[in-house]
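Peer 1: My structure is below; once you've seen it, I'll send some questions.
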Amino acid sequence: MVRGVRMGMGRRRFLAAGAVAVVAFDPIGMRWSAHAAPGDLRVPDLDGELVTDPAALAEAAEDYGQIAHRTPRAVLLPGSVRDIAVLVGFAHRHRIAVAVRGQGHSTFGQAQTAGVVIDSRPLSAITVSGRTAVVEAGATWGALIDAALPHGLTPPVMTDYVGLSVGGTLSVGGIGGASQHHGLQVDTVRQLEVVTGTGELVRCRRGDRLFAAVLAGLGQYGLITRAWLDLVPAPASARVYKVTYTRLSDLTAAQRTLIRDGRFSYVEGQLAPVDGGWAHILEAVAYYDTPPDDTAMLAGLPTGQVEIADLPLRAWLNRVTDLVDAIRPLKLPNPWINLFLPDRATDRFVASVLADLTPTEVGGGPILLYPFPRKRVSAPMLRVPNSDVVFLLSILRSVPQDDALVRTLLADNRAMYEKSLAIGATQYPIGSIPAEPGDWARHYGARYPQAVLDKATYDPRRILTPGQGIFR
Ligand SMILES: Cc1cc2nc3c(=O)[nH]c(=O)nc-3n(C[C@H](O)[C@H](O)[C@H](O)COP(=O)(O)OP(=O)(O)OC[C@H]3O[C@@H](n4cnc5c(N)ncnc54)[C@H](O)[C@@H]3O)c2cc1C
């Protein structure tokens, strides 16, 4: 039985007033235009629009990081999944670079290209059927929650900020406090519909080579157009426990205990500057229909300063939405670094990072630190350290518009990344770490030959998602 709800934005809503649709391409000058000149190629018929108006190009030339800026020659506002296949097929034939931009929350130009940007936002339909949601890639996780909750369902893993696109997080991983139980968002996908770098529209599922390549594949092997996602029963409320410790070792000991016994639905943690030192804050959440016993929930944890609050589930999942949406228009640089650390080296590494870090180098952004068990990760392209327990360390710097400071922080990110490699860490590639030759081969390790083969098979002209800088 289909228990369906279909939500989606008007396909044409995104066409800016006064924007003129492109009809021709000059293959010599690599230019798109609204009028065909002799020698130009006709752009294939599209259900949506290909545009070159300055507003659309300017939006596609920036992202949340406000550090990298590359202006595309055109932006596709797709009217259908077919449009993406048609455009990529055309781009393949004429060697034009293409990248999808979801919500543009990358921090270092990962969704940018000098070729054509596909704005996935018009493709945002959601259908809920049984315990599965079929979601077009441009839908946000927040929209999916809104579609699933009336059915008493929710996605098993949510990112902290839910204004990210489904295609965007499935291309990188999608981690959150529930990853201790369910893995990353890529581990909750049943099936994908993908446009490969030759313009072929393909469905794939677990066990298929393309499925393994595309999930957390950083847009290199195919563009996700639709995903079939697991849903789980939604609890009514969230009880949020914050326990502040003066010592880092108390925080990580508490987190290790909690992910071992799994008593909480969600486990994260933050490091916040206080009076010349750091507060180490456990954030653990119990989802409930019947309120949990606080004494039992906190039993056996190191003693710290406890705060407890209750929120309806939707309010909890939305907890940072207003803040992020208010900060973004300020266009502050966000030179983020996100590392996956092996358990055995986490405390020492984090302590050494904190010893060198000043509040100025973090700005207003938070620092996250939380663990998940490696066995929950099934996507082979998501590279995590060889350790039963892996910690995410995210330094989400948000600093004033000061080019010299940003340059310094990018160099700091590079130095910290190199230091992390020595302890067997990997990067979660959503941040701003300047790349050097050999980085990606080292990042993928034993998976690298397969990645090279997959690129040659699915995107032989290397047109997809150049902003990741993987296959130059
Ligand atoms: C405020 C904020 C909070 C965040 N919180 C979390 C968090 O809690 N957990 C977490 O894991 N991450 C988090 N992130 C990082 C986020 O998951 C990634 O940056 C994600 O890629 C952003 O999604 P987007 O829709 O904005 O993608 P974009 O920035 O638009 O794209 C990201 C990359 O994916 C590619 N891409 C996008 N859509 C597709 C598609 N359909 N097919 C193929 N490739 C595609 C792009 O080309 C680009 O390379 C956060 C980011 C921000 C800014």
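Peer 1: Could I have the simple spin-label model distance between Met30 and Lys419, label points 7 Å from Cα toward Cβ, reported in nm to one decimal?
Peer 2: Each label point lies 7 Å from its Cα, and together they span 3.9 nm.
Peer 1: I would also like to ask the following. Considering only DSSP states other than H, G, I, E and B, which trypsin sites (Lys or Arg not before Pro) in region 182-212 qualify as loop sites with at most 16 other Cβ atoms within 10 Å?
Peer 2: Those satisfying the criteria are Arg206.
Peer 1: How big is the antiparallel share of DSSP beta bridges in the chain, given as a percent to the nearest 5?
Peer 2: DSSP beta bridges in the chain are roughly 90 percent antiparallel.
Peer 1: Please compute the per residue accessible area over the chain with all protein chains in place, 1.4 Å probe, rounded to a whole number of Å².
Peer 2: 40 Å²
Peer 1: With bins 10 Å wide starting at 0, give me the P(r) of the chain over every alpha carbon pair, in whole percents.
Peer 2: 4, 20, 31, 27, 14, 4, 1, 0
Peer 1: Additional query: With the crude spin-label approximation of a point 7 Å out along Cα→Cβ, what separation in nm comes out for Ser352 versus His69?
Peer 2: Label-label distance for Ser352 and His69, simple model: 3.7 nm.
Peer 1: Taking the Cβ-Cβ separation of Arg442 and Asp388 as r and a Förster radius of 30 Å, what is the calculated FRET efficiency to the nearest 0.05?
Peer 2: Computed FRET efficiency for Arg442 and Asp388 comes out at 0.85.
Peer 1: Let me ask something else. Could you calculate the contour length gain from Glu307 to Ala58, that is, 0.36 nm times the residue separation minus the distance between their Cα atoms, to one decimal place in nm?
Peer 2: Net length gain for the segment: 85.2 nm.
Peer 1: For Val20, what residues show an amide H to amide H distance below 5 Å, using hydrogens built from the backbone and excluding near sequence neighbours?
Peer 2: Residues meeting the amide H criterion: Thr52, Asp53.
Peer 1: Tell me, what is the Rg over Rh of region 126-234, with Rh the Kirkwood radius over Cα pairs?
Peer 2: 0.95
Peer 1: What part of the accessible area of the chain, given as a whole %, is carbon or sulfur when the probe is 1.4 angstrom?
Peer 2: About 54 percent, which is the carbon plus sulfur part of the accessible surface.
Peer 1: Moving on to the next point. Quote the convex hull volume per residue of region 330-448, based on C-alpha atoms, as a whole number of Å³.
Peer 2: Dividing the Cα hull volume of region 330-448 by its residue count gives 111 Å³.
Peer 1: Still on this structure, please answer the following. Using alpha carbon centroids, what distance separates region 92-168 and region 403-435, in Å?
Peer 2: Each part reduced to its Cα centre gives a spacing of 27 Å.
Peer 1: At 37 °C and 0.692 mPa s, what whole-number value in µm²/s does Stokes-Einstein give for the translational diffusion of region 123-189, with Rh from the Kirkwood sum over Cα pairs?
Peer 2: The Stokes-Einstein estimate is 279 µm²/s.
Peer 1: Let me ask something additional. For region 67-166, take N as its residue count and report Rg(C-alpha) divided by 2.2 N^0.38 Å.
Peer 2: 1.22
Peer 1: May I ask you to compute the full-extension gain from Phe471 to Asp293, defined as 0.36 nm times their residue separation minus their alpha-carbon distance, rounded to one decimal in nm?
Peer 2: 58.9 nm
Peer 1: Percent of Cα-Cα pairs more than 26 Å apart in region 6-119, please.
Peer 2: When all Cα pairs of region 6-119 are counted, 15 percent exceed 26 Å.
Peer 1: Calculate how steeply helix 248-261 sits against the longest principal axis of the alpha-carbon atoms of the chain, using the helix alpha-carbon long axis, and give the answer as 0 to 90 degrees to the nearest 10.
Peer 2: Between helix and principal axis, roughly 80 degrees.
Peer 1: Sticking with this one: What percent of all Cα-Cα pairs in region 237-427 falls into each 5 Å bin, going from 0 up to the bin containing the maximum distance?
Peer 2: 1, 7, 15, 17, 19, 18, 14, 7, 2, 1, 0
Peer 1: At 0.36 nm per residue, minus the direct Cα-Cα distance, what do Arg247 and Asp402 gain on full extension? Give it in nm, one decimal, please.
Peer 2: Gain in length upon complete extension: 52.5 nm.
The values are calculated or read from the model by the stated rules, or taken from the named source; none is laboratory data. What you are looking at is a predicted structure, and each value in this text was computed from that prediction instead of being measured. Glycine gets a Cβ as well: all are built from the backbone with ideal geometry, and neighbour counts include every protein chain shown. SASA here: full protein model, heavy atoms, side chains in, ligands and nucleic acids out. Shrake-Rupley method; radii C 1.70, N 1.55, O 1.52, S 1.80 Å.
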